[in-house]
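Data first, discussion second: the structure below is written as structure tokens.
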Amino acid sequence: MVGSRKTCILSVVAVLLGAARQVSAQSELPGLQERPPLRNDLYGDHLPPGAIARMGTIQLWHYTSSGDIPAAFSPDGKVLTTAGSKSLRMWDMTTGKLLREIADNYQVSRIFCSPKGRFLATRGEKSINLRDPNTGQILHSISTSMWPSAFSPDDKLLVTSGSPDGSVDLWETATGKHVISLKGHKEGVHSPAFTSDGKTLFTMDSGKKVCLWAVASGTLRKSFDMQVPQWRTVRISPDGQTLAVVPYSREAVSLWDTETGKERVRLQGELAHARYGLAFSLDGKILATNWAEPWAEEGAVSLWDPATGKLIRRFSAPASAIEFLQFAPDGRTLLGAAGGTRLHLWDSQTGRELFVTSGHEGMIRSLALTPDSKQVISMADNTIRLWDVMTGRQIRVVAHTPHGGSGLSITRDGQAVLSGGYTRLRLNELATGKELQSFPLDENPEKLPRPESFLPGHSSQHVGVSTDGRTAVSVSSQPRQIRPNAFGAVNVVDVWDIASGKAVSRRELGYSHEVNFLGLAPGVRTLGISVSSLPPPQALQEKIPRDESNTHQILIQGVLTGRNIVSLPQPDNYSHDHAFSPDARTLVTTTNTVKHTAQGSEIGAATFHFWELATGKERFAFQVTDTSRYYGFGQVAFLPGARILATIRHEGAIQLWDAVTGKELFRRTGSDSHVSALAFSHDEKFLVTGHQDSTILVWDLSTAKKPERLIGGQPSKDQLEAWWSDLAGADAAKAYRAIRCLAEVPQQAVPLFRDRVHVAKTVPEKEVNRLITDLDSGEFAKREAASRQLSDLGEQIEPFLEAALRTKPTGEQRRRIEQLLTAVLTVRSPEQLRSLRAIEALEHIGNPEAGKILESLAKGPPASRQTREAQDSLDRLAWKPGVQR
């Protein structure tokens, strides 16, 4: 549980801990000495091929959502086996070192070690593997969709359960052969257990029916309905004689006799209830439970005597570390975990954590690199951390972000990081972690619902800093508790002035179930949303125009105005991954065809579409046929130069593609954990990936193929003229190739641009105002002429039109002004298109001569798009290594 620290909770925990210290002092087990914590070292030589560094210490990582922890101790407690995404990891419990890592083709979701240590059972996709616990080698593979649940005390039998029909199967461990199916339940069975003599097997289904089976004959010895309360968690004692139940209601944990079905005892005193954590020690003499208030950061682990229900001792621990519990064979070491994070080991005698780590707790949500690419900033769990890229060493914790968050953006000077999170954005100094500015997402935070509502306020997931470093933008989700009459959460766009911390604007994008927010474009002037052409609610239909000929379309909107700039109709009937180019001029989308048959849906090949955002036209597309499972790709991003596209498949393969030819340049596999975030060095020499298992890898890109030149030798004068013509043409594909070709021949292209691309002209203010007045003329022809002439003046008239709207114009004048505002945002003038595309080519060239031309163009009228884009190019080039102007 992750949450803000509440005073009342702290008070309760403080009282409990004081009591726990008294109880602990009276009940220490004899002969046990306090053990020092172990250092969980860096992964070292276990780096995947091609990775050059790993940030953070390697966690005892797992994934769990059912309450079962995919981890198993050897019977002597010397080795702990844990699950990675697609691997098993074996750890030395004496030193904390990783002994070996064993690849698996499927995420291991359950692990059992047999009582005598002869077998390790792991659950795969459609089978159970019986392994050698020392080497991880598969001894037998059992084809079944059921789950491994228990070994017999003599290691000779494996029990599998979880079938919808309630059957329980027994398998011979020496051969992997099926022995018998036990039929007595009609619902799914969980938590089977043998009695200590191995003669009786206890099973209980979700309907609370209990069966006691004679193992030798496979016959049903007894069955009855156990009147236990509806549970959060149940655990069977190691001898199969006691069932512990955590009720859904906030009542005490109860223990039941499995032979009679009667309640034996209830836990007594404070925190006798529990959340989900529940574990018996191997000898059955200790029962561990957990408790943490919703959203609390701190929780408590309590140890009880199952025979009497009395408290033995209690210690505090982070709530996120103790959601699920499991004892080691020594009865003293306690394993704690939460869904999707790492495992923790505690000395239950002292409350000391045995593995000291300096990494994140959970999935990496965001990554960003400093301008010199020497340091990486990461966001996960409740922290933002700064790392040295080459050594993988943590430099400092920059900030704590209550309730987590996602979205990082580095300021232009590289000195501070903007982060999103719960109820506000934060600007922190990287060198010290000092909070420089705070941007509240709610106007009256004191009126927000209490955290127990589980949707306590805005949560910002996307943030960005403008190219000039003056403006901060976030897209957050406003929960329905703040808007009682709303259905679902509302996406809200906020804009702030960074220097003053004051809000500039706020607007709503729409409800989260109606509008899929894609992301903020770099520079945060525009954003993308995805909408479906299926008939929407009337309110949304009035706000967002649709192209009904397409199943999906993407709309690019102005951040401040919310006006649609271009619409990008998606060619196929399934659209998913997307990425803005670093210069915000291109959006790549990934689509698939979907064929629906009687047998199910067939996903076709993936196609990458590159869209020119100035015109809304497609620049380039290429198809990838080997998309494998899960639609193929989980992450898509451009490298800083925008010539190379990076994709990361769901199975972990990293690929680089030429964004002009579609050719594959690089492929790397080896990571066993899904990639959740990525960032590139500004010189494109390495890639940083953040993973679901809380680790961060640095990948060497030096072996990647270079994009091939598009032209051979020096272009002729006629070729230069053809490219110059293409820059002004309506064919976006030809123009895209011309931009890239001209960028390859700077000696010829720079003089051409110097002579032919000129500073934008200032529109005459008086003439613009006169034409705006004519929009309300009594003569239709005069109104039409004014609209036409204003449209020809381009985007520079936007401020004048905005000002006219604020003067409460007539209905006819307002209609024409709003039409013009939509029209001027899309570039239609051939000459303006040519100048913008030339600026794009100059940025790709990036040498001092190109910089001088951009400096000249940036001195034009501030309202001109040409001026803005030239200045934005200069700001981006300031981050590019080796560029001097």
Looking at PRO881, PRO848, which one is of a type outside the set (D, E, K, R), over 23 Å from ALA732 (Cα atoms), modelled with pLDDT under 90 and surrounded by fewer than 22 Cβ atoms within 10 Å (Cβ to Cβ)?
PRO881
Count of region 202-237 residues which are more than 16 Å from GLU187 (Cβ to Cβ), under 38 Å from the mean Cα position of the chain (by Cα) and surrounded by fewer than 21 Cβ atoms within 10 Å (Cβ to Cβ)
2
Considering every residue within region 420-440, establish whether at least one is closer than 25 Å to TRP699 by Cα, out of contact with any Pro (no Cβ under 6 Å at 6 or more places or on another chain) and either open to solvent by 20 Å² or more (accessible area, probe 1.4 Å) or β-branched (Val, Ile, Thr) (or both).
no
Considering only residues that are in contact with a His (Cβ under 9 Å, 6 or more places away or on another chain) and closer than 14 Å to PHE202 by Cα, which ones fall in region 160-180?
SER161, GLY166, SER167, VAL168, ASP169, LEU170
So for region 377-384 (the condition being in a strand (DSSP E or B) and open to solvent by 20 Å² or more (accessible area, probe 1.4 Å)), does at least one residue qualify?
no
Could you list, ordered by first residue, the pairs with Cβ atoms under 9 Å in which the first is in region 762-773 and open to solvent by less than 90 Å² (accessible area, probe 1.4 Å) and the second is among the hydroxyl-bearing types (Ser, Thr, Tyr), at least 6 apart or interchain?
VAL763/SER864; LEU771/SER787
Selection within region 157-216 - out of contact with any Cys (no Cβ under 6 Å at 6 or more places or on another chain), small (Gly, Ala, Ser) and farther than 15 Å from MET146 by Cα:
ALA174, ALA193, SER196, GLY198, SER206, GLY207, ALA214, ALA216
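Yes/no matrix, rows are residues, columns are (1) in contact with a His (Cβ under 9 Å, 6 or more places away or on another chain); (2) in contact (Cβ under 8 Å) with a residue 12 or more places away in the chain; (3) open to solvent by 30 Å² or more (accessible area, probe 1.4 Å):
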| residue | (1), (2), (3) |
| --- | --- |
| THR260 | no, no, yes |
| GLN268 | no, yes, yes |
| ASP283 | no, yes, yes |
| THR289 | yes, yes, no |
| SER302 | no, yes, no |
| SER316 | no, yes, yes |
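Can you find, within region 525-568, the residue that is modelled with the lowest pLDDT among those that are open to solvent by 40 Å² or more (accessible area, probe 1.4 Å) and among the small types (Gly, Ala, Ser)?
Quick first cut of region 525-568, residues open to solvent by 40 Å² or more (accessible area, probe 1.4 Å) only: 525, 534-535, 537-539, 541-543, 545-549, 551-552, 560-561, 563, 567.
When the remaining residues are screened for being among the small types (Gly, Ala, Ser), the result is 539, 549, 567.
Values: ALA539: 39, SER549: 46, SER567: 86.
Ranking the candidates gives ALA539 first.
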Suppose we filter THR703, THR695 for residues that are open to solvent by less than 20 Å² (accessible area, probe 1.4 Å) and in contact (Cβ under 8 Å) with a residue 40 or more places away in the chain; which single one remains?
THR695
Take LEU139 and tell me if it is over 22 Å from VAL79 (Cα atoms), in a strand (DSSP E or B) and of a type outside the set (Ser, Thr, Tyr).
no
With the requirement that a residue be under 19 Å from TYR422 (Cβ atoms) and either at pLDDT below 80 or outside any strand (DSSP E or B) (or both), what does region 461-487 give you?
GLN461, SER477, GLN478, PRO479, ARG480, GLN481, ILE482, ARG483
Just checking, does region 724-732 include any residue being open to solvent by less than 70 Å² (accessible area, probe 1.4 Å), touching a strand residue (DSSP E or B) at 6+ places or on another chain (Cβ under 6 Å), modelled with pLDDT of 90 or more and in a helix (DSSP H, G or I)?
yes
Hey, among SER217, SER196, SER181, which residue is among the hydroxyl-bearing types (Ser, Thr, Tyr) and in a strand (DSSP E or B)?
SER181
Going through region 107-128 in order, the residues found to be among the charged types (D, E, K, R) and assigned to a strand (DSSP E or B) are ARG123
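The values are calculated or read from the model by the stated rules, or taken from the named source; none is laboratory data. Just so you know, these numbers come straight off a predicted model, no measurement behind them. Neighbour counts are summed over all protein chains in view; Cβ atoms, including those assigned to glycine, are modelled from backbone coordinates with ideal geometry. All accessible areas refer to the heavy atoms of the entire protein, side chains included, with ligands and DNA or RNA removed. Shrake-Rupley method; radii C 1.70, N 1.55, O 1.52, S 1.80 Å.
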